[in-house]
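Q: My structure is below; once you've seen it, I'll send some questions.
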Amino acid sequence: MGKVFAILTITFSLTFFTISGYGQIEQSRSISRVDYMKVKPGHVEDYLAVERVWKKIHQANIKKDMYQLWTVEEVISPSGDQYDYNYVTRISFKDPKQYSNFIDNAFSQVDLNSILSKEEMKIYNKTVDSRTLVKTEVWQLMDEMLDNDEEDKPWEYAKFNYFVINEGYTPDDFVEVQSIWSPVHEARIADDKLEGWVVLRKLMPYGSEFKERYATVDHYKSIEDLMLDDPTRYFDMLGNAEEANRKTEEGANLARQEIRRKIMTSSNSKTQ
């Protein structure tokens, strides 16, 4: 991986913003609709066959500029029957306006008969039976730092860190505190330990019942990179690591972590 990286104001799943420019770019932030699926043991291949058909549909929709990106991710950890979902799909929109157009058009899509064969239509018709849709959420991208080397291998694994914030803590506060760690993330990217870092805010559903309203995501090329990643090696860059930890913990608590593997994607660019 090259040493070049940048903080971008572009789309992701879920768009980047600088604290000083919050008001100006609020409307340009990327939005993602995330569906959480439960696939029963023994039905994984059937489910993935359905998603491979849906990939053609999503690619056609992306070409029509209905949205920017679609992915399927497998949840590696936690796992087991007691965990609510084991696959996640994501549709990403460049801004709230594009997402609104998608909703207003009642999720319209291309003529399926024009892009799917008869056999693929049979598989498409098994969509509902192939998995259980557990829940749907809408997330907004708040901050992002990416490796900018287009020749580098894209990320394949992601570590999601879900946070519960304390009363009175605002989106601005959360991003500002997370930005304290920017030198660490920059160094990890430069050293080829990390492919990207993201800050997200959950927009829907909302309310006291839904406490995990913020998340950060670390992107890696391999599970080995994820397992061996040790951010503490870079803490000297913070000047006062204890103070950085104190500021982080006084406003938000890490509720849980989730590891995912990207297994399928369609997009209009190399941004994934």
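Just so it is clear, none of the values below were taken in a lab; they were calculated from the coordinates. Values in this document were obtained by computation on a predicted structure and should not be read as measured data. Don't worry about glycine lacking a Cβ; one is built from the backbone with ideal geometry, like all the others, and counts go over all protein chains shown.
Q: Kindly put E209, E137, E195 in sequence by how many other C-beta atoms sit within 10 Å of each C-beta, fewest to most.
A: Values: E209 6, E137 18, E195 26.
Ranked by crowding around the Cβ, least crowded first: E209, E137, E195.
Q: Taking H placed 1.01 Å from N in the peptide plane, check which residues at least 5 places from A252 or on another chain put their amide H under 5 Å from its amide H.
A: Long-range HN contacts for A252: N166.
Q: A further question on this structure: For Q68, list long-range residues whose amide hydrogen, built 1.01 Å from N in the peptide plane, is under 5 Å from its own amide hydrogen.
A: Hits under the 5 Å cutoff: S92, F93, K94.
Q: Please list, in order along the stretch 119-134, the HN-Hα scalar couplings obtained from phi with the Karplus expression 6.51 cos²θ - 1.76 cosθ + 1.60 (θ = phi - 60°), rounded to whole Hz, x for Gly and Pro.
A: 5, 5, 5, 5, 5, 4, 5, 9, 3, 5, 6, 7, 7, 9, 7, 7
Q: Let me ask something else about it. I'd like the distance separating the alpha-carbon centroids of the stretch 220-236 and the stretch 242-259, in whole Å.
A: 17 Å
Q: Just the number: Rg to Rh for the stretch 87-141, Cα atoms, Kirkwood Rh, two decimals. Intermediate results must be reported in sequence, preceding the final value.
A: Working: Rg = 14.2 Å, Rh = 13.8 Å.
Computed over Cα atoms, the ratio is 1.02.
Q: Using a simple charge model, +1 on the beta-carbon of Lys and Arg, -1 on the beta-carbon of Asp and Glu, nothing else, what dipole does the chain show about its Cα centre, in debye to the nearest 20?
A: Details: 35 positive and 46 negative charges, 232 e Å.
With only Lys, Arg, Asp and Glu charged at Cβ, the dipole is about 1120 debye.
Q: Based on the Kirkwood radius over alpha-carbon pairs, what value in µm²/s does the Stokes-Einstein equation return for the translational diffusion coefficient of the stretch 5-267 at 10 °C and 1.306 mPa s? Don't jump to the answer; show the numbers that get you there.
A: Working: Rh = 19.6 Å.
The diffusion coefficient I find is 81 µm²/s.
Q: Based only on other Cβ atoms within 10 Å, what is the fewest-to-most ordering of R33, R131?
A: Values: R33 21, R131 24.
Lowest count first: R33, R131.
Q: So, with +1 on the Cβ of K and R and -1 on the Cβ of D and E, and no other charges, what is the size of the charge dipole of the stretch 26-66 about its Cα centre, to the nearest 20 debye? Show your work: numbers first, answer last.
A: On the way: 9 positive and 6 negative charges, 20 e Å.
Rounded to the nearest 20 debye, it is 100 debye.
Q: Suppose every K and R has +1 on its Cβ and every D and E has -1 on its Cβ; what is the size of the dipole of the stretch 134-182 about the Cα centre, in Debye to the nearest 20?
A: Charge dipole of the stretch 134-182: 380 debye, to the nearest 20.
Q: Add -39500 (n - 2.57) for each DSSP H run of 4 or more in the chain, then divide by its residues: what number comes out at 222 nm, to the nearest 500 deg cm²/dmol? It would help to have the intermediate numbers written out before the result.
A: On the way: 10 runs with 82 residues, N = 272.
So the calculated ellipticity at 222 nm is -8000 deg cm²/dmol.
Q: From the Cα gyration tensor of the stretch 126-191, with a ≥ b ≥ c the square roots of its eigenvalues, which class applies: rounded if a/c is under 1.5, or else prolate if a/b is larger than b/c, or else oblate? Before the final figure, lay out the partial values.
A: Working: a/c = 3.01, a/b = 1.21, b/c = 2.50.
The shape class here is oblate.
Q: Give me the lysines in straight-line cross-link reach of K153: C-alpha distance below 26 Å, same-chain residues under 8 apart excluded.
A: Within the straight-line cut-off, K153 pairs with K3, K55, K56, K63, K94, K193, K221, K262, K270.
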